[in-house]
Amino acid sequence: MGNRLILGLIWLDSRLHTPMYFFLSNLAIVDMAYASSIVPKMLANLIMQMKTISFVPCLLQTFLYLTFAVTECMSLVVMSYDRYVAICHPLHYTVIMSWRICTILAATCWIFSFLLALIHITLILRLPFCGPQKINHFFCQIMSVFKLACADTRLNQIVLFAGSVFVLVGPLCLVPVSYMRILFALLRIQSGEGRRKAFSTCSSHLCVVGLFIGSAIVMCMAPKSSHSQEQRKILSLFYSLFNPMLNPLIYSLRNAEVKGALRRFLRKKSSV
């Protein structure tokens with residue numbers, strides 16, 4: 001509901017038809033799709049005594065959640081670049097972040113994520129699965145699927161680790177660089193109101209980046225221990241369920257333009 005509200009406000013309010021809110025609406029779509037690929041089956045398993053999933057739906061769930069997770073991570077990086085251009089190069093913003101460039105950036109996030117998830121699924125399909133199959137997880141998380149194979153999965157794990165480094169560590173290096181430049185630019189802003197508005201927008205984005213990328217890095221790259229499986233389950237539940245729910249709250253509560261659009265929408269409804 002929160003993500004749909006964000007989408008509706010951006011769609012209805014022409015003041016929000018800017019690149020920043022274009023990427024925010026893209027993030028809302030990713031969050032809804034991400035949660036929808038996991039939560040319905042998880043809720044069904046909590047209610048039903050027979051907690052089963054067949055092979056093809058399990059692979060489909062793995063493919064979808066990988067696609068949406070990578071898309072969200074890359075979208076957050078694109079959003080940090082958008083904020084960097086808006087604050088550090090405001091005079092060239094409309095030229096650099098044209099609608100054509102915004103569309104290309106959003107499409108690149110989706111296409112790259114689809115191809116990376118397809119590589120992982122292709123490597124899983126080459127594995128033989130035998131014996132009783134029990135997934136020790138809330139959903140078909142890729143590491144849990146690896147454990148069901150009765151063959152060497154080192155290639156799969158190497159590709160997964162390399163992809164995690166590229167998708168998670170790369171953005172984690174790019175985002176601080178962007179925000180260091182943004183911080184220096186904010187300090188040069190003379191207007192207190194302009195500085196407050198820019199900081200409010202950037203702090204919302206940093207909260208979302210920290211929650212998503214931070215928990216994903218801990219889950220994918222934490223050393224194995226006797227409690228690692230249970231910890232990974234809780235962390236994966238956090239970033240796959242709570243992050244999509246928290247993102248619209250963070251952006252709406254800390255963003256004056258979104259709150260203003262909501263007030264205008266409610267006034268229009270009450271007047272009707």
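In whole Hz and in residue order, list the ³J(HN,Hα) couplings for the range 179-184 that follow from phi through the Karplus curve 6.51 cos²θ - 1.76 cosθ + 1.60, θ = phi - 60°; x for Gly and Pro.
Each residue of the range 179-184 in turn: 7, 5, 5, 5, 4, 4 Hz.
Between residue 150 and residue 122, what is 0.36 nm times their sequence separation minus the Cα-Cα distance? Round to one decimal in nm.
8.4 nm
With all protein chains present and a 1.4 Å probe, how do 103, 18, 62 order by accessible area, largest first?
Highest to lowest solvent-accessible surface, that is 103, 18, 62.
Write down the accessible area per residue of the range 41-104 in Å², having rolled a 1.4 Å probe over the full set of protein chains.
In whole numbers, the range 41-104 has 55 Å² accessible per residue.
Just to verify a number: what accessible area does residue 113 come out at with the full protein assembly present, 1.4 Å probe, Å² rounded to tens?
For residue 113, solvent-accessible area is about 0 Å².
Ignoring ligands, DNA and RNA, how do 77, 145 rank by accessible area with a 1.4 Å probe, largest first?
Reading off the accessible areas and sorting them downward yields 77, 145.
On full extension of the chain, what length is gained from residue 94 through residue 15, given 0.36 nm per residue of separation minus the C-alpha to C-alpha distance?
26.9 nm
The values are calculated or read from the model by the stated rules, or taken from the named source; none is laboratory data. Remember, predicted model here, so these are calculated numbers, not experimental data. Only protein heavy atoms, including side chains, enter the accessible area calculation; ligands, DNA and RNA are left aside. Shrake-Rupley method; radii C 1.70, N 1.55, O 1.52, S 1.80 Å.
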